[in-house]
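Asks: Here it is: the structure, laid out below.
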Amino acid sequence: MQPPPPPDGHPPAGGPDGAPDRPEITSFLAARGADRMPHPGGTLLQHLVRVARLLNQWGAEPDVQVAGLCHASYGTAGFDQTLLSTTERPVLAELIGDRAEKLVHLYASCDRGVVYPRLSEARPVVFRDRFTDAEYTPPEPDIRAFLEITAANELDVLTHNAELAQRYGPDLYGLFADTRDLLSPAAWQSCAELAPSADRSA
């Protein structure tokens, strides 16, 4: 699990054991208010940086790491505060690249109540966009990236909030166990820590 953020409130710098330092991105997110939004473990910005660092530790490709750093930009089904409107997608795409921005939008637009059960049931996975109610089938690389970011996000939240870990940990472990084939080995190893002790050998 990730260590807590520095006490001075600043996100940790990149380095050999963390995500590459992207000050232009973290500065942009801070300017949009991420450093003033409360979040388990400190602020939203600290959470975003920790998620990107965890993805880096798992060996995720750079676009996935950057998408993890920005994953809450448009809000999510579980976090209704936003840093940008979806009408500002070109702004974020110019900053982080088209591929990373599309992953941010995929993550933000996911109707979790519909999609999570589908992830556990069938392949390919049919997504529902919570902004438009449209349904479509993302390509597998995007599904894999989505799940990697989901795992990093949820593990960081549960690490920093014991009540949420007790309430949602078992269900999230079930989701990640059901989608183990789509997670990287490193991500699954981290997710397995959510398992009840009797299930950890599974």
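Asks: Scan PRO117, PRO124 and give me the residue that is more than 20 Å from GLU154 (Cβ to Cβ) and either at pLDDT 95 or above or out of contact with any Phe, Trp or Tyr (no Cβ under 8 Å at 6 or more places or on another chain) (or both).
Replies: Checking each option against the conditions leaves just PRO124.
Asks: Quick one: which residue in GLY14, GLY41, GLY18, GLY78 is modelled with pLDDT under 95, of a type in the set (Gly, Ala, Ser), surrounded by fewer than 13 Cβ atoms within 10 Å (Cβ to Cβ) and out of contact with any strand residue (DSSP E or B) (no Cβ under 7 Å at 6 or more places or on another chain)? Full working, then the answer.
Replies: Values: GLY14 fails: surrounded by fewer than 13 Cβ atoms within 10 Å (Cβ to Cβ); GLY41 fails: surrounded by fewer than 13 Cβ atoms within 10 Å (Cβ to Cβ); GLY18 fails: surrounded by fewer than 13 Cβ atoms within 10 Å (Cβ to Cβ).
Step by step, each of GLY14, GLY41, GLY18, GLY78 is checked, and only GLY78 is modelled with pLDDT under 95, of a type in the set (Gly, Ala, Ser), surrounded by fewer than 13 Cβ atoms within 10 Å (Cβ to Cβ) and out of contact with any strand residue (DSSP E or B) (no Cβ under 7 Å at 6 or more places or on another chain).
Asks: Right, another one. Return only the number of the condition from (1) open to solvent by less than 60 Å² (accessible area, probe 1.4 Å); (2) assigned to a helix (DSSP H, G or I); (3) over 16 Å from HIS71 (Cβ atoms) that ALA151 does not satisfy.
Replies: Status for ALA151: all satisfied but (3).
Asks: Of the residues that sit in region 33-48 and are in a helix (DSSP H, G or I) and farther than 18 Å from THR159 by Cβ, which one is farthest from the chain's Cα centre (by Cα)?
Replies: By that ranking, first place goes to ARG36.
Asks: With the requirement that a residue be open to solvent by 50 Å² or more (accessible area, probe 1.4 Å), over 29 Å from THR26 (Cα atoms) and touching a residue at least 12 places away in the same chain (Cβ under 8 Å), what does region 87-119 give you?
Replies: If the condition is that a residue be open to solvent by 50 Å² or more (accessible area, probe 1.4 Å), over 29 Å from THR26 (Cα atoms) and touching a residue at least 12 places away in the same chain (Cβ under 8 Å), then GLY113 is the only one that fits.
This table checks each residue for (1) open to solvent by less than 30 Å² (accessible area, probe 1.4 Å); (2) within 13 Å of the chain's Cα centre (by Cα).
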site: PRO141; (1), (2): no, no
site: ASP156; (1), (2): yes, yes
site: GLU163; (1), (2): no, no
site: TYR168; (1), (2): no, no
site: PHE176; (1), (2): yes, no
site: GLN189; (1), (2): no, no
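Asks: Can you tell me which residues in region 117-148 are part of a loop (DSSP other than H, G, I, E, B) and closer than 25 Å to GLU61 by Cβ? Talk me through it step by step, then tell me what you get.
Replies: Initially, region 117-148 is screened for residues part of a loop (DSSP other than H, G, I, E, B), giving 122-126, 130-134, 137-139.
Of everything in region 117-148, those that are part of a loop (DSSP other than H, G, I, E, B) and closer than 25 Å to GLU61 by Cβ turn out to be ARG123, PRO124, VAL125, VAL126, THR137, PRO138, PRO139.
Asks: Here's another thing I want to ask about it. Can you tell me how many residues within region 178-187 are buried (at least 18 other Cβ atoms within 10 Å of the Cβ) and part of a helix (DSSP H, G or I)?
Replies: Summing the residues that are buried (at least 18 other Cβ atoms within 10 Å of the Cβ) and part of a helix (DSSP H, G or I) in region 178-187 gives 2.
Asks: Which members of region 49-75 meet the condition of being assigned to a loop (DSSP other than H, G, I, E, B), out of contact with any Ser or Thr (no Cβ under 9 Å at 6 or more places or on another chain) and open to solvent by 20 Å² or more (accessible area, probe 1.4 Å)?
Replies: GLU61
Asks: ALA152 versus (1) more than 16 Å from TYR107 (Cα to Cα); (2) touching a Gly at 6+ places or on another chain (Cβ under 8 Å): which is the lone unmet condition?
Replies: (1)
Asks: Is it true that ALA60 is out of contact with any Asp or Glu (no Cβ under 7 Å at 6 or more places or on another chain), at pLDDT 95 or above and of a type in the set (A, V, I, L, M)?
Replies: Against the criterion (out of contact with any Asp or Glu (no Cβ under 7 Å at 6 or more places or on another chain), at pLDDT 95 or above and of a type in the set (A, V, I, L, M)), ALA60 does not qualify.
The values are calculated or read from the model by the stated rules, or taken from the named source; none is laboratory data. All of these numbers come straight from a predicted model, not from anything done at the bench. No Cβ is skipped: glycine too gets one built from the backbone with ideal geometry, and neighbour counts run over all protein chains shown. Quick note on the areas: whole protein, heavy atoms, side chains included, nothing else; ligands and nucleic acids left out. Shrake-Rupley method; radii C 1.70, N 1.55, O 1.52, S 1.80 Å.
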